[in-house]
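Below: the structure, in structure tokens.
Values in this text are rule-based calculations from the coordinates and carry no lab data. None of the values given here were measured: they were computed from a predicted structure. Every residue, glycine as well, gets a Cβ built from its backbone with ideal geometry; the counts of neighbours run over all protein chains shown.
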Amino acid sequence: QVQLGESGGGLAQAGGSLRLSCAAPERTFINFAMAWFRQAPGKEREFVAAISLSSGGTHYADSVKGRFTISRGSAKNTVYLQMNSLNAEDTAVYYCAAGFGLSTNGGSYAYWGHGTQVTVSS
């Protein structure tokens, strides 16, 4: 089973920034889409952002548009999520996912990471 590797979570103050990283273990993911989802305590998992590793096309949830940026690494099996202007509502476990097509539906992604905690203090 392919496991994605996430890093970069932690504690930030409101208005601050964090950068998350996710690496897929194989170059076969180069034609996949990769995405970030998050789940806050007591809430359902929600889509954050996605990127096509082949075209670079992106899509964002309205709640993060203009504050978060998803990008590809030079290795193209790595994605980053730059999170700026963080607020308390961004506190959640953030999960990286990879799948065959860019989608906001978590069910479309076959591969997932374990998650990384992001906590924003107000």
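Shape descriptor for the chain: Rg over Rh equals 0.94 (Cα atoms; Rh from the Kirkwood inverse mean 1/r).
The simple spin-label model puts a point 7 Å past each Cα toward its Cβ; for Ser55 and Ser85 those points are separated by 2.7 nm. The translational diffusion coefficient of the range 1-58, from Stokes-Einstein at 4 °C and 1.567 mPa s with a Kirkwood hydrodynamic radius over alpha carbon pairs, comes to 96 µm²/s.
Highest mean packing comes first when the peptides 32-39, 68-75 are listed by Cβ atoms within 10 Å, giving 32-39, 68-75.
Under a point spin-label approximation (7 Å from Cα along Cα-to-Cβ), what is the Asp62-Thr119 distance to one decimal in nm? Between Asp62 and Thr119, the label points sit 3.1 nm apart.
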